[in-house]
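All remarks here apply to the structure that follows.
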Amino acid sequence: MRVGIIGGGIIGLSLGWQLQRRGAEVTIFEKGNVGEESSYAAAGMLAPYAEVGFEEIELMKLGQESLRLYPQFMEELSEDIDAGKVPKFDRCGTLLIGVDRDDTEHLKRLYDFREELSLTVEMITGTEAREREPLLSPKVVSAVWLPDDAQIDNRALVGCLKKAFESCGGKLLEQTTVEKLNSSDGEVKGVSTGSKNYAFDNVVLAAGCWSGKLGGIPDEIRPPIRPVKGQIITLKQTEDCDLKGIVRSPRFYLVPKEDGTLRLGATSEEKGFDKMPTAGGQKELLEEAWEAVPSIYDLPLIETIAGLRPASRDHAPIIGQSALQGLFYATGHYRHGILLTPVTVYLLVEEIINKEVPETLEPFRPGRF
Ligand code: FAD
Ligand code: GLY
């Protein structure tokens, strides 16, 4: 089976790797270099318990399932490349913190909702929060502790996925933009890069926030995807300032990484395809994080960037075969693409190879729009 994948972010690379493992012949097209868009910008939180929104139960279940699959995913990666290079799956937990009455009331609502869902969750005082993270300011008055969330170095992971895909025999075409999908008689035939046509039995659209832009897709099945800008800062941790796990408030998050860096994110802005970090965005993130963890003040600031989250109209991913035979979508992962990678990939591989539509994906099928 010949499969063409449009997009070499974490979703496209992982899918390509797993399809190669299952005997397919895969080509990935990437308009730039792999993993330099949203999958690079991400903070790498694997946090279905912190991030679940009030009406997003199905999405949380998908995240839970993906978190469960992560160790298997990492194990398989260790089989295919130098295991020493594979980043750590870190079950560090999330500490949601509050600095005033408003935050505390908000945290209580978050806590009650998680209790109702029978999740493992604890409401604790500011003092108890400082026992977990001594760097927290005395201004922190309340917190919710979610021990089951995890994190990973997404940048290192993407590098490993590229190696694994190529070591399994996958063909990677970087600096190669797919301009158009080719189809006839309601069936996919391949893709065109403008200068060249490529024939495939199946094509997967994994082009992140550009997934709605591809030529050759009939308008009535075009996925409704838009970019949501997120600015994120990388700091370098020091001996005097090293957080243990994810610290998060309604306005920022801090995620310490294995390599000694600390990611501080993120804004959420409707600015189209604009990826320029702004003074205002950086100021807000730094100020909010500094209020909660004052010692970040002296940390070296090593990078400021913005990424574009691929958001669907209902903010849930779009996974599965479209109304066009042989055209599959793996897009719209919005804020949770790093978390949702294993579940997306394992289930979509089943659908592509065995033509079985997994029940878990029902709420996320392309046909809902
Ligand atoms: P991308 O990584 O954007 O990859 C799509 C690729 O397709 C790009 O490389 C692009 O160049 C390529 N492409 C597009 N069009 C074409 C074309 N026509 N031809 C060829 N190639 C094409 N998620 C989490 O789970 N946890 C987090 O902590 C987290 N934090 C985030 C923080 C920020 C600031 C941002 C912006 C996002 C965050 N996310 C997080 C979300 C996560 O980054 C995304 O959901 C995920 O990376 C989406 O992966 P993707 O492969 O679909 O998209
Ligand atoms: N999931 C974190 C973000 O999208 O900023």
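The values are calculated or read from the model by the stated rules, or taken from the named source; none is laboratory data. From a predicted model like this one, the values you see are computed outputs, not experimental measurements. Every residue, glycine as well, gets a Cβ built from its backbone with ideal geometry; the counts of neighbours run over all protein chains shown. SASA here: full protein model, heavy atoms, side chains in, ligands and nucleic acids out. Shrake-Rupley method; radii C 1.70, N 1.55, O 1.52, S 1.80 Å.
At a glance:
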item	result
Residue within region 318-341 that is out of contact with any Leu (no Cβ under 7 Å at 6 or more places or on another chain), part of a helix (DSSP H, G or I), in contact (Cβ under 8 Å) with a residue 40 or more places away in the chain and charged (D, E, K, R) present	yes
Filter result for Asp201 (closer than 30 Å to Gln325 by Cα and surrounded by fewer than 19 Cβ atoms within 10 Å (Cβ to Cβ))	yes
Scan of region 13-51 for residues that are within 8 Å of ligand 1 (Cβ to nearest atom) and touching a Cys at 6+ places or on another chain (Cβ under 9 Å), ordered by number	Glu37, Ser38
Tally, over region 241-254, of residues that are of a type outside the set (Lys, Arg) and more than 16 Å from Ser268 (Cβ to Cβ)	7
Test: residue in region 268-280 that is within 15 Å of ligand 1 (Cβ to nearest atom), open to solvent by less than 10 Å² (accessible area, probe 1.4 Å) and small (Gly, Ala, Ser)	no
Any hit, region 65-80, residues being among the hydroxyl-bearing types (Ser, Thr, Tyr), within 16 Å of ligand 1 (Cβ to nearest atom) and under 24 Å from His315 (Cβ atoms)	yes
Residue match in region 258-265 (condition: part of a strand (DSSP E or B) and among the charged types (D, E, K, R))	yes
In region 300-348, residue surrounded by the fewest Cβ atoms within 10 Å (Cβ to Cβ) [restricted to those that are polar (S, T, N, Q) and more than 16 Å from ligand 2 (Cβ to nearest atom)]	Gln325
Qualifying residue in region 133-156 (condition: within 16 Å of Thr27 (Cβ to Cβ), among the hydrophobic types (A, V, I, L, M, F, W, C) and in contact with a Leu (Cβ under 6 Å, 6 or more places away or on another chain))	no
Filtered residues of region 91-103 (kept if within 13 Å of Gly245 (Cβ to Cβ) and open to solvent by less than 40 Å² (accessible area, probe 1.4 Å))	Cys92, Gly93, Thr94, Leu95, Leu96, Ile97
Subset tally (residues that are in contact with a Leu (Cβ under 9 Å, 6 or more places away or on another chain), surrounded by fewer than 21 Cβ atoms within 10 Å (Cβ to Cβ) and touching a residue at least 40 places away in the same chain (Cβ under 8 Å)) for region 245-262	2
Of all residues in region 16-27 being more than 19 Å from the chain's Cα centre (by Cα) and buried (at least 23 other Cβ atoms within 10 Å of the Cβ), the one that is farthest from ligand 2 (Cβ to nearest atom)	Val26
Residue list for region 69-83, filter: open to solvent by 30 Å² or more (accessible area, probe 1.4 Å) and within 22 Å of Lys244 (Cα to Cα)	Pro71
Pair list, Cβ < 8 Å and 6+ apart or interchain, from region 263-285 residues that are closer than 10 Å to Gln231 by Cβ to residues that are open to solvent by 40 Å² or more (accessible area, probe 1.4 Å) and polar (S, T, N, Q)	Pro277/Thr304; Gln282/Thr304
Residue list for region 28-59, filter: within 17 Å of Ala206 (Cβ to Cβ) and within 16 Å of ligand 2 (Cβ to nearest atom)	Glu37, Ser38, Ser39, Tyr40, Ala41, Ala42
Those residues of region 256-280 which are more than 19 Å from Leu308 (Cα to Cα) and touching a strand residue (DSSP E or B) at 6+ places or on another chain (Cβ under 8 Å), in sequence order	Pro256, Lys257, Glu258, Gly260, Thr261, Leu262
Identity of the residue in region 330-355, of a type outside the set (A, V, I, L, M, F, W, C) and more than 16 Å from the chain's Cα centre (by Cα), that ends up farthest from Ile225 (Cα to Cα)	Asn354
Qualifying residue in region 209-225 (condition: touching a helix residue (DSSP H, G or I) at 6+ places or on another chain (Cβ under 7 Å), more than 21 Å from Ile318 (Cα to Cα), open to solvent by less than 10 Å² (accessible area, probe 1.4 Å) and of a type outside the set (A, V, I, L, M, F, W, C))	no
Of all residues in region 120-175 being of a type in the set (Gly, Ala, Ser) and part of a loop (DSSP other than H, G, I, E, B), the one that is surrounded by the most Cβ atoms within 10 Å (Cβ to Cβ)	Gly170
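Every residue, every condition in (1) more than 16 Å from ligand 1 (Cβ to nearest atom); (2) in contact with a helix residue (DSSP H, G or I) (Cβ under 8 Å, 6 or more places away or on another chain); (3) of a type in the set (D, E, K, R), yes or no:
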site: Leu135; (1), (2), (3): yes, yes, no
site: Ser142; (1), (2), (3): yes, yes, no
site: Pro147; (1), (2), (3): yes, no, no
site: Ala156; (1), (2), (3): no, yes, no
site: Leu173; (1), (2), (3): no, no, no
site: Val191; (1), (2), (3): no, no, no
